[in-house]
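Let me begin by handing over the structure; questions about it come next.
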Amino acid sequence: MAKAKKKETLTPEERLQAVLVPDWEQPYKVPENWCWIHLLDSFENCTDSKKKIPQKEYLQDGKIAVVDQGQNLIGGYTNDREMIFAGNVPVIIFGDHTRCIKYIDFPFAQGADGIKVLKPKQFFNEKAFYYAFQTVDIPNMGYRRHFPLFDKYAIPVPPLSEQQRIVDRIESLFTKLDEAKQKAQDALNSFETRKAAILHKAFTGELTAQWRKEHGVRIESWKNVSVSEICHSLKYGTSKKSVSQGKVVVIRMGNLQDGEIRWDDLAYSNDEEDIEKYRLFSGDVLFNRTNSSALVGKTSIYRGDYPAIYAGYLIKLDYDHSRIIGDFLNYSLNTIRAKKYYNLVKTDGVNQSNINAKKLEHISSLCPILKNK
């Protein structure tokens, strides 16, 4: 009878056969030429506990990168060459509590406690193992205590010849995702600029030029009007302290976002006198008179979602509904022209700027409004 081969003389394929997961334990079906193995049998634990560098000893710059379970690939640096990881790279860095998995293909030193250095076995392409490892749904738990439980998890293993093709395909698709993400971010970054450009076109007549041409309406029918001409009054809100629970919402400056009211981080009032005096009605426009230099002057329209009053850092514009609609007034107070005016007239204090009602009433805008009113 032929003697069994020693473990160290087994080929990668023979080693793989020795650790296969039985059919009844496999999480799902894979191609016929693939197989399943227990996660604990897929790597060697190369962690060297004696060479871990405490976080307090990290350097901001140095010759050797320190890798830990932080969000960044590199947590810090060291110049201690004796602490450099002695194993072969690439390896996988796995974090204890953050489920942080990093692929490292350069010389490094081990960071603070909380990481394990894993080297995939010979039947795994290192990059393929790195991606496959990320698909295993391992709960966040103390790695040292629960390390043996890795044997309860399984990992799929394609043939070595196929693994590199899979890696290439993954990275090609990830590149496309990164490009799409960048385009989306660029669009978000240009959002305010594009929004301002649309408002500028709207209040110079450019946005509706084609409609006026088709309907024989001349731009001369528009008129420059000030806030004082179209508002009966400008009213400051309540100065009384709000509470965490109550009958009606107290809209504060933080609730004014992008021209609308945001209904989160709310405060309330139970004061019957204030509720009657400062009650808001659908269509009311609110102006933020006190805020940081960048945010003072922001404006939003109340649409009656919830019963509400408004706080003292806000001004309610009681406008003539027969001459202008609330949305139009709200947009006009958020134009580049309006913001330039706010920047000129605001009074700056410590961390805050202010625009009082007297200054607000003088702002004007070109509006399609009846001249004989």
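Each value in this text was obtained by applying a stated rule to the coordinates, not by laboratory testing. All of these numbers come straight from a predicted model, not from anything done at the bench. So basically every Cβ, Gly included, is an ideal-geometry build from the backbone, and we count neighbours across all protein chains shown.
Give me the one-decimal nm value for the distance between modelled label points at Trp34 and Asp61, 7 Å along each residue's Cα-to-Cβ direction.
Taking the two extended label points, one gets 4.7 nm.
When DSSP beta bridges are limited to those with both residues in the chain, what percentage is antiparallel, rounded to the nearest 5?
For the chain, the DSSP antiparallel bridge percentage is about 85.
Moving on. Between segment 65-127 and segment 229-298, what is the C-alpha centre distance in whole Å?
Measuring centre to centre over Cα atoms gives 53 Å.
For the chain, take the longest principal axis of its alpha carbons; what is the angle in degrees between that and the long axis of helix 191-202, to the nearest 10 within 0 to 90?
Relative to the chain, helix 191-202 is tipped by roughly 30 degrees.
Of all DSSP beta bridges in segment 199-367, what percent run antiparallel (nearest 5)?
Values: 26 of 30 bridges.
So the antiparallel bridges in segment 199-367 amount to around 85 percent.
Projected onto the charge dipole of the chain (+1 at Lys/Arg Cβ, -1 at Asp/Glu Cβ, origin at the Cα centre), which of Gln60, Ala132, Pro158 gives the Cα projection farthest towards the positive end?
Positive-end residue among those listed: Gln60.
At 222 nm, what helix-only mean residue ellipticity would the chain give, in deg cm²/dmol to the nearest 500, using -39500 (n - 2.57) for each DSSP H run of four or more?
Values: 11 runs with 100 residues, N = 373.
Mean residue ellipticity, 222 nm, calculated: -7500 deg cm²/dmol.
Would you mind listing how long segment 199-367 runs along its three principal axes, going by Cα atoms, in whole Å with the largest first?
54, 34, 27
Ok, one more. Under Stokes-Einstein, with the Kirkwood radius over Cα pairs standing in for Rh, what whole-number D in µm²/s applies to segment 260-310 at 37 °C and 0.692 mPa s?
Rounded, D is 270 µm²/s.
What net charge is computed for the residues neighbouring Phe287, neighbours being all others with C-beta under 10 Å from the C-beta of Phe287, Lys and Arg scored +1, Asp and Glu -1?
Here the count lands on +3.
Cα-based Rg of the chain per 2.2 N^0.38 Å, rounded to two decimals? Present the calculation step by step, with values, prior to reporting the outcome.
Values: Rg = 32.9 Å, N = 373, 2.2 N^0.38 = 20.9 Å.
So the Cα radius of gyration is 1.58 times the expected 2.2 N^0.38 Å.
With axes computed from alpha carbons, what is the tilt in degrees of helix 336-345 against the longest principal axis of the chain, rounded to the nearest 10 within 0 to 90?
That helix lies at roughly 70 degrees to the long axis.
In a shell of Cβ-Cβ distance under 9 Å around Phe85, excluding Phe85 itself, what net charge do Lys and Arg (+1) and Asp and Glu (-1) give?
Numbers: positive: Lys51; negative: Asp48.
Overall, the nearby charge balance is 0.
What does the charge add up to near Asn356, with Lys and Arg as +1, Asp and Glu as -1, over the other residues with Cβ less than 15 Å from its Cβ?
On the way: positive: Lys235, Arg289, Lys316, Lys346, Lys358, Lys359; negative: Asp348, Glu361.
Around Asn356, the surrounding residues sum to +4.
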